[in-house]
1. Once you've got the Cα coordinates, tell me which of Lys37/Lys75; Lys86/Lys199; Lys75/Lys173 are over 28 Å apart.
2. When you count, for each residue, the other Cβ atoms within 10 Å and take the mean per peptide, how do 202-208, 167-173 rank with the highest first?
3. Consider all pairwise Cα distances in segment 63-212 and report the whole-number % of them above 24 Å.
4. Could you order the peptides 160-166, 189-195, 44-50 from most to least packed, using the average number of other C-beta atoms within 10 Å per residue?
5. Return the loop-located GluC sites (Glu not before Pro) in segment 55-111 (DSSP other than H, G, I, E, B) with at most 15 other Cβ atoms within 10 Å of their own Cβ; answer none if there are none.
6. What length, rounded to one decimal in nm, is gained on full extension from Lys34 through to Asp159, with 0.36 nm per residue of separation minus their alpha-carbon distance?
7. When DSSP beta bridges are limited to those with both residues in segment 66-210, what percentage is antiparallel, rounded to the nearest 5?
Amino acid sequence: MNLKKIEKYYTKRWENKQRPLDMAYVNYIIYKFKKGKILDVGCGFGELIAVLREFGFEVYGLVATKYETDECKRKGLNVIQHDASKKYPYKDSYFDHVISIGSIEHIPDWSNSLNEMHRVLKKNGNLLIETPNHSIFRKSKKFKENKKDFDIVHIKEFDYEELITELKKREFKHIKTHRKLFYYPNYFACRKLDILPKKKLPYLFISSKKTD
């Protein structure tokens, strides 16, 4: 990964140091996780963990670029600039929850990063991953309109079965795929409908547990 190229891209695209915050993730985490120590792998400018902190979570973040790290520090967030391909700077079984929202597709050694997510989770800890569903995403209007940008920053995109297989290899259990639509405020009352097929959604939104 050419980090300087990536940082230049982020600096240009996110000049205001603020990305849109998807409330589906906020609602899901608050409803499902309740409380605890949470690590956001690839936390960007800290938009998500800043909100989770307000709801009582003890928040931590890893991010690749100094540009993003400096903004997180300005917000008073406990964020470390770190290559998520390498061993995370935390001890074993340190977190109740680990989340990776739109980040694993940017990590060169994603396999080791998944290993690290497992390592730093406590027993019965939750893992939540959101990432493009490769074969579906590449046919989407969003991809076609931004192909050049995605090709710059996406190193590895997973198909549904592939990501499920990788989680099972690391002995994650209770693997579930969610339709994030049902975690928006207007749909939150309908979350019990989150049982519909999701293999063909352009983005995968998958939860699992470390049970060993």
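Read the figures in this text as sums done on the coordinates, not as results from a lab. None of the values given here were measured: they were computed from a predicted structure. Reconstructed Cβ throughout: ideal geometry from the backbone, glycine too, with neighbour counts over all protein chains shown.
1. Values: Lys37/Lys75 18 Å; Lys86/Lys199 30 Å; Lys75/Lys173 35 Å.
From Lys37/Lys75; Lys86/Lys199; Lys75/Lys173, over 28 Å: Lys86/Lys199; Lys75/Lys173.
2. On the way: 202-208: 21.0, 167-173: 15.4.
In decreasing order of mean packing, 202-208, 167-173 become 202-208, 167-173.
3. Working: 4380 of 11175 pairs.
Summing the P(r) tail past 24 Å for segment 63-212 gives 39 percent.
4. Working: 160-166: 15.6, 189-195: 12.3, 44-50: 23.6.
Listed from highest to lowest mean packing, they are 44-50, 160-166, 189-195.
5. On the way: sites: Glu58, Glu68, Glu71, Glu105; in loops: none.
Of the GluC sites (Glu not before Pro), not one in the loops of segment 55-111 has a Cβ with at most 15 other Cβ atoms within 10 Å.
6. That pair, Lys34 and Asp159, stretches by 42.0 nm at full extension.
7. Numbers: 12 of 19 bridges.
Counting DSSP beta bridges with both partners in segment 66-210, the antiparallel share is about 65 percent.
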